[in-house]
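Written below as structure tokens is the structure these notes are about.
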Amino acid sequence: MRVSEYGLKTILPPKNIWRPYLALKNNKNKEKIFKWFEKNYNLQKYLKAKKIVSLNFKKIEQELSITVEQILDLHNSQNFEVFLSFFGPGGSYKLPNIITIRVLNHDDLNYSNVNITHELIHLLVENKIQKYNFSHHDKELFVNSILFQPQIAKILKIKNEEIIKSKYYYSFRKYF
């Protein structure tokens, strides 16, 4: 398992953003739209965020990969791609190997390792989630129960005593 590339595909605006632009391209509001794009799709902001996220993750990547593989009893040689966005939720994933994390502010950047790992675990256990038909709530509990296992939590420097009460914290292994 390796998180090998940090992409910048999110520099391109979401497809539905273009619709208003096309509708207004001959309109006096065109300047407002161009200003919005300049503000929100600034290449330098993405490059700065990419550098921070890359450096932070490289510090833990090897130890984290080994630990996650041991905990899940997996031997995964798949590469995962992480894309950056200034919009949306803290993180999301798309099978088979795409992770998107938000890097809007300082907190997002500081928490990027946790978000990447959370989405990575989603990708690694998605087959179990589908097999057992977990609800969305249970899926998040299941993933967080793995994320907050002491070995992973130590690497990520996170704590959550409440997760121990989760129905999956001690029993997630039975699904493998």
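Listed here are the residues, each with its yes/no results for (1) under 20 Å from the mean Cα position of the chain (by Cα); (2) closer than 19 Å to Phe80 by Cβ; (3) not in a helix (DSSP H, G or I).
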site	(1), (2), (3)
Thr100	yes, yes, yes
Asn113	yes, yes, no
His122	yes, yes, no
Glu126	yes, yes, no
Gln130	yes, yes, no
Lys139	yes, yes, no
Glu162	no, no, no
Tyr169	no, no, yes
> Which of the residues spanning segment 106-146 are under 20 Å from Thr67 (Cα atoms) and touching a strand residue (DSSP E or B) at 6+ places or on another chain (Cβ under 7 Å)?
Replying inline: Ser112, Asn115, Ile116, His118, Glu119, Leu120, His122, Leu123
>> Restricting to segment 39-73, give me the number of residues that are among the hydrophobic types (A, V, I, L, M, F, W, C), closer than 20 Å to Phe148 by Cα and loosely packed, with under 15 Cβ neighbours inside 10 Å.
In response: 1
> Are any residues in segment 89-98 small (Gly, Ala, Ser) and either farther than 20 Å from Lys51 by Cβ or over 8 Å from the mean Cα position of the chain (by Cα) (or both), and if so, which ones?
Replying inline: Ser92
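Read the figures in this text as sums done on the coordinates, not as results from a lab. Bear in mind the structure is a predicted one, so any value in this text is a computation, not a measurement. Cβ: placed from backbone, ideal geometry, glycine included. Neighbour counts: every protein chain shown.
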